[in-house]
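These notes are about the structure you will find just below.
The values are calculated or read from the model by the stated rules, or taken from the named source; none is laboratory data. Remember, predicted model here, so these are calculated numbers, not experimental data. Methodologically, a virtual Cβ is constructed for each residue, glycine included, from the backbone with ideal geometry; neighbour enumeration extends over all protein chains shown. Ligands, DNA and RNA are stripped out before the accessible areas are found, and what is left, the full protein with its side chains, is counted by its heavy atoms. Shrake-Rupley method; radii C 1.70, N 1.55, O 1.52, S 1.80 Å.
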Amino acid sequence: MKIVDARVVLTSPGRNFVTLKVETDEGVTGLGDATLNGRELAVVGYLRDHVVPLLLGTDPHRIEDTWQALYRGAYWRRGPVTMAAIAAVDVALWDIKAKVAGLPLYQLLGGASRERVRTYGHASGRDIPELFDSIRARLAEGYPAIRVQTGVPGLERVYGVHHGATPDGARPVVEDWDTGAYLRSLPGVFDAVRQEFGPELTLLHDAHHRLTPIQAARLGKDLEPYDLFWLEDCTPAENQDGLRLVRRHTTTPLAIGEVFNTVFDYQTLVGEQLIDYVRSAVTHFGGVSPLRKLFDFAAQHQIKSAIHGPEDISPVGTAAAIHLDLAIHNFGIQEYAGHTALTHEVFPHAYTFTDGYLHPGEAPGLGIELDEELAAAHPYEPAYLPINRLQDGTIHDW
Ligand code: KDG
Ligand code: MG
């Protein structure tokens with residue numbers, strides 16, 4: 001079997017998605033997700049100009065060898081653009097292999113370790129009443145676990161909190177930030193949520209990398225009475241050593257890794273058991289092959305999976321995640337923000353979301369298709385993540 005064509009499809013049925021479609025001489029095709037929110041065109045160029053020419057004529061069954069050739073052969077290792085491009089190839093080749101086998105991908109990964117995949121959804125509000133409405137809406141959709149984000153007193157716009165229409169386009173929106181106000185207000189928010197919804201509901205929070213280690217330590221301690229499932233991205237983790245300080249001070253479980261792209265980003269965090277959940281996405285971590293290895297490394301340290309699943313991972317990346325979730329033993333939880341109805345039409349899929357649980361379905365391969373005509377009718381639109389500035393104008397961390 002040989003790869004005879006590989007195309008990059010860029011579409012925006014609600015938000016931008018980068019998809020690689022690999023075709024073989026036997027008519028079997030595979031799909032991979034290479035979406036990198038706000039930097040989509042860089043991955044498109046990397047794939048079209050530097051990866052597709054190397055794939056043509058190669059054997060799609062040699063997944064590991066192809067992965068190593070793209071990773072080591074480039075000389076320039078790691079980085080989100082490179083790893084998103086390699087991820088798309090890896091996932092497309094797994095899709096092809098599983099289709100040829102006539103099996104859903106999870107069967108090739110060892111078969112099901114559970115019946116269904118537990119998810120968490122997003123609730124947010126500018127204030128407590130709006131937040132409660134949003135939590136009720138997620139509960140009505142069946143979500144068994146809910147990530148809670150709120151406005152901060154004195155700040156007009158806060159990332160992760162729905163503000164009605166999102167101004168998007170060619171320039172990032174500026175949001176303001178005040179760490180003191182955030183640290184003072186958040187424990188009261190969780191207190192109110194526990195009083196309203198009781199002790200049983202599984203609650204999570206994402207700090208979006210905005211704190212220093214000592215601030216993160218304080219927040220973890222302050223949130224202990226509210227029994228969070230996790231505190232996510234409490235501090236920017238390029239400084240892996242910083243997590244030692246956080247860990248010494250709090251028993252609130254910690255989740256990190258959505259911006260990581262190789263196992264090397266986790267060496268200290270996993271090796272010293274400084275976190276409880278690894279958050280990398282198939283799409284940003286080089287694909288199913290390396291993520292599977294990361295989960296095996298994490299399992300040695302009693303750390304579980306929690307694959308990143310925001311709206312900006314395409315249904316192709318979502319499908320790949322669900323197959324892994326079903327197969328691995330140390331599964332923790334899957335984030336599932338869902339997609340627009342039009343996105344589901346562009347990417348018809350076998351996976352299902354029922355009562356807060358996902359299942360990859362039984363179609364051979366990933367169980368996902370791409371309607372290229374509909375995709376072409378919804379072309380790329382420039383869109384960027386916001387940036388945070390402090391009150392004096394200084395750019396703040398993510
Ligand atoms: O592109 C950035 C988003 O994917 C990210 O902000 C979402 O933090 C996020 C999450 O946990 O889903
Ligand atoms: Mg996050």
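What's the magnitude of the charge dipole for the chain around its Cα centre, counting Lys and Arg as +1 and Asp and Glu as -1 at the beta-carbon? Answer in Debye, nearest 20.
880 debye
Calculate for the chain the 222 nm mean residue ellipticity that helices alone would give, adding -39,500 (n - 2.57) per DSSP H run of length 4 or more and normalising by residue count, nearest 500 deg cm²/dmol.
Value at 222 nm, helices only: -10000 deg cm²/dmol.
Could you tell me the calculated FRET efficiency between Glu345 and Arg62, based on Cβ-Cβ distance and R0 = 30 angstrom, to the nearest 0.05?
Computed FRET efficiency for Glu345 and Arg62: 0.30.
So for segment 184-295, averaging the separation of alpha carbon pairs under 8 Å that are six or more residues apart and normalising by length, what relative contact order in percent results?
22 percent
Would you list the P(r) distribution for segment 137-257, with all Cα-Cα distances sorted into 5 Å bins from 0 and each bin expressed as a whole %?
Binned Cα distances yield the sequence 2, 10, 20, 22, 19, 15, 8, 3, 0.
So for the chain: antiparallel DSSP bridges make up what percent, rounded to the nearest 5?
Bridges in the chain are about 45 percent antiparallel.
Pop a pseudo-label 7 angstrom from the Cα along the beta-carbon direction at both Phe132 and Ala376 and give the gap in nm to one decimal.
Label at Phe132, label at Ala376, 5.2 nm between them.
Work out from phi, with θ = phi - 60° and the Karplus expression 6.51 cos²θ - 1.76 cosθ + 1.60, the ³J(HN,Hα) of each residue of segment 226-235, listed in order in whole Hz, and give x for Gly and Pro.
So the J values, rounded to whole Hz, are 9, 6, 6, 5, 6, 10, 9, 6, 5, 8.
Whole number please: convex hull volume per residue, Cα atoms of segment 1-72, in Å³.
86 Å³
Can you work out ³J(HN,Hα) from phi for every residue in segment 301-309, in order, using Karplus 6.51 cos²θ - 1.76 cosθ + 1.60 and θ = phi - 60°, giving whole Hz and x for Gly and Pro?
10, 6, 9, 10, 7, 7, 5, 4, x
How do His205, His162, His61, His249 rank by accessible surface area computed with a 1.4 Å probe, from largest to smallest?
Largest accessible area first, the list is His162, His249, His61, His205.
Using only the Cα atoms of segment 99-170, what are the Rg and Dmax in Å?
18.7, 57
Per the 1.4 Å probe, what fraction of the accessible area of segment 14-83, in percent, lies on carbon and sulfur atoms?
Roughly 52 percent of what the probe reaches on segment 14-83 is carbon or sulfur.
Give me the distance in nm between label points sitting 7 Å out from Cα along the Cα-to-Cβ direction at Ala192 and Thr251, one decimal.
The two pseudo-label positions are separated by 2.8 nm.
Would you please calculate the Kirkwood hydrodynamic radius of segment 53-110 over all C-alpha pairs and express it in Å, rounded to one decimal?
12.2 Å
Can you give me the P(r) profile for the chain? Cα pairs, bins 10 angstrom wide beginning at 0, each as a whole percent.
Spelled out per bin, shortest first, that is 5, 23, 33, 26, 11, 2, 0.
Considering amide H positions built from the backbone, and no H for Pro or chain starts, which residues 5 or more places from Glu175, or on another chain, come under 5 Å of its amide H?
For Glu175, whose amide H was placed from the backbone, the distant partners under 5 Å are Ile387, Asn388, Arg389.
Between Val51, Val81, Val91, where does the largest GNM mean-square fluctuation fall for the chain, given springs only between Cα atoms within less than 10 Å?
Highest fluctuation among the options: Val51.
Report the gain in length on full extension from Glu311 to Leu41: 0.36 nm times residue separation, minus Cα-Cα distance, nm rounded to one decimal.
95.4 nm
Rounded, prolate or oblate: pick one for segment 258-398, where a ≥ b ≥ c are the square roots of the eigenvalues of its C-alpha gyration tensor, a/c under 1.5 means rounded, and failing that, prolate if a/b is larger than b/c, else oblate.
oblate
What number, in nm² with one decimal, is the all-direction average of the projected area of the convex hull of the alpha-carbon atoms of segment 4-157?
Its average projected convex-hull area is 12.7 nm².
Quick check: from the Cα gyration tensor, does segment 274-318 come out rounded (a/c under 1.5), prolate or oblate?
oblate
Report the one residue of Val161, Ala181, Thr212 whose Cα lies farthest in the direction of the positive end of the charge dipole of segment 143-231 (charges on C-beta: Lys and Arg +1, Asp and Glu -1; origin at the Cα centre).
In segment 143-231, that residue is Thr212.
Pairs of alpha-carbon atoms within less than 8 angstrom and 6+ residues apart define the contacts here; what relative contact order does the chain have, in percent?
Value for the chain: 22 percent.
With the Cα gyration tensor of segment 238-331 giving a ≥ b ≥ c as the square roots of its eigenvalues, does the rule (a/c under 1.5 for rounded; else a/b larger than b/c for prolate; else oblate) give rounded, prolate or oblate?
Taking the square roots of the gyration eigenvalues as a ≥ b ≥ c, segment 238-331 is prolate.
From the backbone phi of segment 268-274, what are the Karplus-calculated ³J(HN,Hα) couplings (6.51 cos²θ - 1.76 cosθ + 1.60, θ = phi - 60°) in whole Hz, Gly and Pro given as x?
With the stated coefficients, segment 268-274 comes to 6, 4, 7, x, 9, 6, 8 Hz.
Kindly list the residues of segment 274-291 that lie in the label zone of Arg77, defined by a backbone N under 15 Å from the point 7 Å along the Cα-to-C-beta vector.
Residues passing the 15 Å test: 286, 290.
If amide hydrogens are placed 1.01 Å from N in the peptide plane, which non-local residues have theirs closer than 5 Å to the one on Arg114?
none
Only helices at least 20 Å long along their own axis, judged from Cα atoms, and with Kyte-Doolittle mean hydropathy of 0.0 or greater: name those in the chain from DSSP H.
Qualifying helices, which must be both long enough and hydrophobic enough, are 80-101, 179-197.
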